[in-house]
Number of protein chains: 2
Amino acid sequence: MRIALDGMGGDHAPQQTVKGAVEFVRDRAYSDHKVVLVGEPAALEAELRKYSYDSDRIDLVPASQVVAMDEKPARIVKTKPDSSLVKAVTLVRDKQADGIVSAGSTGALLAASLFLLKRIPGVRRPAICPYLPSESGGFVICDAGANVDVRPSHLVQFALMASAYSQHLFGLPSPRIGLLNIGTEATKGNEITVAAHKLLREGFENFVGNVEARDLFNDVADVVVCDGFVGNILVKFGEGLVRHLVNWGKDTLKKHPISMLSLPLMRPALKDLGHQLDHEETGGWPLLGLNGISIVCHGSSNAKAIKNALISATRCVTENLIESIASGIKEHLDLFKETNERET
Amino acid sequence: MRIALDGMGGDHAPQQTVKGAVEFVRDRAYSDHKVVLVGEPAALEAELRKYSYDSDRIDLVPASQVVAMDEKPARIVKTKPDSSLVKAVTLVRDKQADGIVSAGSTGALLAASLFLLKRIPGVRRPAICPYLPSESGGFVICDAGANVDVRPSHLVQFALMASAYSQHLFGLPSPRIGLLNIGTEATKGNEITVAAHKLLREGFENFVGNVEARDLFNDVADVVVCDGFVGNILVKFGEGLVRHLVNWGKDTLKKHPISMLSLPLMRPALKDLGHQLDHEETGGWPLLGLNGISIVCHGSSNAKAIKNALISATRCVTENLIESIASGIKEHLDLFKETNERET
């Protein structure tokens, strides 16, 4: 299997992207797979020279442009046709790669993937599906930012696609689907969630109803469904809050010399907790609903995160995620029927 | 000044509500004020007998009913006319109290306050405005759950009301208003936020633009504006995440006996941090836009939280919060004009 990697995408590219690719091909568990590293050849080669690895397992594909994080994503395929991001996606379209991983702009990856790979037949809106770790195992949340204005049927599709992902990547035969809402009663929420609740109740045996944001870490659902506006805000808020609490904790510690003394003793526990919370472990966020595997990583990804995203990509391919989503959509067409005419 | 207190509202009522009232009247800083304690006389008197205090400063008003947390709030004034919550609000309507504090159902307090106190002229939707503490001072967020489906002009009113609250309660002459969004650019967001951004830009010099959820704790704004669906989810998610991290931290610590040894040394810092994060310190969340001071406390409020909410209520009255909101609304009527006809 060949996974295309956007060598120039991310805050720490190409150092960490190249290092991640090398760590991936060095891992014996993935010895059947290759990485197609896309980007400026001189920059990538300079990084690659730092490591010893099986050079047959990393192919270089040159790309002269780089997509900036703040670039308008909508027409990225036209404006940056020779960018590492667009070329890497093109490799998937042309069947020269089985999936693409990028730590570049999520918007640009989504736009390029949508334009070049198209949607799975029947899918209305691709969606971003990050995994949030928790002590009891964590959950995926869909959508986390691809769709800011949604219809109830879109939420149903998010549930379906995220369930397929959860089944294949986390090995859950029947993932519990929860609808993120401001109360657990079926009548709670805004117009969209009230309507979506009915559709989900009708269509999915494993729908557990509305879930409240304060309970998400209490193992109430494996798949949390919401619109991309709410999902994006929730994921970013969690990230900001964890970072803030860690800093606040450190500063508070400094004010208490006696507590500060205990820091060396605390290290094993802090390291363990940090490891569990680490987004680098989660291996990127898939863009679900596209007719090809496309995985976006956090902009601040290091080599470990890149390696784990490459692993996720291979698993999505091996587990036939695309086919699984396609057949799920086909099975539930009746749920989307009513709004078929109005859809683009 | 007289503040009505719903003696039966909250998970720990009447023990903690009564204790909170006693602690308030015992505090010399508030010796000009009285508490009107509303609820079942036998239950309240039994609690009051536990304390010594100036009995002139706590008046009892009997109420035979209690509003349950899961009760439908819409017609609460009709269904539970003799409840402690409804009677306490009625005291404000009848000018027998200057404000009301309840740790009961937010929905019921909102419905009863709206029905009995009415809105400030020009205000379309009352909104809930909690304070979220942070190391750099914290921020208020409005709306946190009163309005799940909003129009852009509602968001402008939330900004205006929360700014008035922030000016008076936190002493900020010109609080920075931020619009919660998924990106900082003016064009980012859903239909509602894009339109609201324009209105806010037009109407407020202290509008700092869109703010991202991950930056809220980095002192980017004093007032964060959003619809009640997003705001409610964000506040509850934060609460759940903090609780989860604390438990996860404890469990991780238990797995590392060496780290566990440091716990006694850590106590001063942990206590300090816990104190800073404590929602009991924040003194309840005002329902803004009502023609009377109405403050809701967390359902799990203890005596300290109740006392602080009583203090907040007196400050809202002293600082003329209602008049300040009323004049702010009048000044900005042009911003709401375009949708005047369609409003209820």
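Over the alpha carbons of the stretch A:1-99, what is the largest minus smallest coordinate on each principal axis, giving the biggest first in Å?
Sorted largest first, the three principal extents are 39, 27, 18 Å.
Quote the relative contact order of the stretch B:103-239 in percent (integer), defining contacts as alpha-carbon pairs under 8 Å separated by 6+ residues.
32 percent
Points 7 angstrom from Cα along the Cβ direction at A:A195 and A:D59: gap in nanometres?
My value for the distance between the label points is 4.6 nm.
What is the dipole size for the protein assembly as shown, taken about its Cα centre, with +1 at each Lys and Arg Cβ and -1 at each Asp and Glu Cβ, in debye to the nearest 20?
300 debye
For peptide B:223-236, how many partner chain Cβ atoms fall within 10 Å of a residue's Cβ, on average?
For this peptide, the per-residue mean of nearby foreign Cβ atoms is 5.
Name the helices (complete DSSP H segments) of chain B with a Cα length along the long axis of 27 Å or more and a Kyte-Doolittle mean of at least -1.0, or state none.
Flagged H segments are B:228-254.
Among the lysines in the stretch A:81-240, how many pairs, 8 or more places apart or on different chains, have alpha carbons under 18 Å apart?
4
Can you show me the helix-derived [θ] at 222 nm for chain B, built from DSSP H runs with n ≥ 4 at -39,500 (n - 2.57) apiece and divided by the number of residues, rounded to the nearest 500.
Computed ellipticity for chain B at 222 nm equals -14000 deg cm²/dmol.
Beta carbons within 10 angstrom, averaged per residue: use that to sort the peptides B:195-204, B:231-240, highest first.
For the peptides B:195-204, B:231-240, the packing ranking is B:231-240, B:195-204.
Which Cys in chain A stand alone, with every other cysteine's Cβ at 4.7 Å or more from theirs?
Within chain A, the cysteines lacking a partner Cβ under 4.7 Å are A:C226, A:C297, A:C316.
If a/c stays under 1.5 just call it rounded; otherwise compare a/b with b/c (prolate if a/b is bigger, oblate if not). Do that for chain A, with a ≥ b ≥ c from the square roots of the Cα gyration tensor eigenvalues.
Oblate, since a/c reaches 1.5 and b/c is not below a/b.
What number comes out for the charge environment of B:H244, summing +1 per Lys or Arg and -1 per Asp or Glu over other residues with Cβ under 14 Å away?
Spelling it out: positives minus negatives among the neighbours equals -2.
Suppose every K and R has +1 on its Cβ and every D and E has -1 on its Cβ; what is the size of the dipole of the stretch A:22-68 about the Cα centre, in Debye to the nearest 20?
The dipole magnitude comes to about 80 debye.
Which aspartates and glutamates have a Cα less than 16 Å from the Cα of A:K337, not counting those fewer than 8 places away in the same chain?
Excluding near neighbours in sequence, the set is A:E202.
Once both labels are modelled 7 Å past Cα along the beta-carbon direction, what's the B:S327-B:S31 spacing in nm?
With each label placed 7 Å out from Cα toward Cβ, I get 3.2 nm.
What FRET efficiency comes out for the pair A:N320/A:A68, r = Cβ-Cβ distance, R0 = 35 Å, nearest 0.05?
Once the sixth-power term is evaluated, E becomes 0.50.
Given the protein assembly as shown, what percent of its DSSP beta bridges are antiparallel, to the nearest 5?
So the antiparallel bridges amount to about 20 percent of the total.
Of A:V77, B:V35, B:V246, how do they rank once you tally other Cβ atoms within 10 Å and put the fewest first?
Ranking A:V77, B:V35, B:V246 by Cβ neighbours within 10 Å, fewest first, gives B:V246, A:V77, B:V35.
Tell me, what is the percent relative contact order of chain A, built from C-alpha pairs under 8 Å that lie six or more residues apart?
Value for chain A: 23 percent.
Using Cα positions and a limit of under 15 Å, work out the aspartates and glutamates in reach of B:K255, with same-chain residues fewer than 8 apart set aside.
Filter leaves A:E135, A:D272.
Report, as an integer, the average count of C-beta atoms from other chains found within 10 Å of each Cβ along B:204-216.
For this peptide, the per-residue mean of nearby foreign Cβ atoms is 3.
Once you order the gyration tensor axes a ≥ b ≥ c over the Cα atoms, which shape class does the stretch B:168-323 get: rounded for a/c under 1.5, otherwise prolate or oblate by comparing a/b with b/c?
Oblate, because a/c is 1.5 or more while a/b does not exceed b/c.
Which aspartates and glutamates have a Cα less than 15 Å from the Cα of B:K50, not counting those fewer than 8 places away in the same chain?
B:E23
Please work out the Cα convex hull volume for the protein assembly as shown and give it in Å³ per residue.
With only Cα atoms used, the protein assembly as shown gives 175 Å³ per residue.
How many partner chain Cβ atoms sit within 10 Å of a residue's Cβ in peptide B:256-265, on average, as a whole number?
Partner Cβ neighbours, averaged per residue: 6.
Each value in this text was obtained by applying a stated rule to the coordinates, not by laboratory testing. The structure displayed is predicted, hence computed values, not measured ones. So basically every Cβ, Gly included, is an ideal-geometry build from the backbone, and we count neighbours across all protein chains shown.
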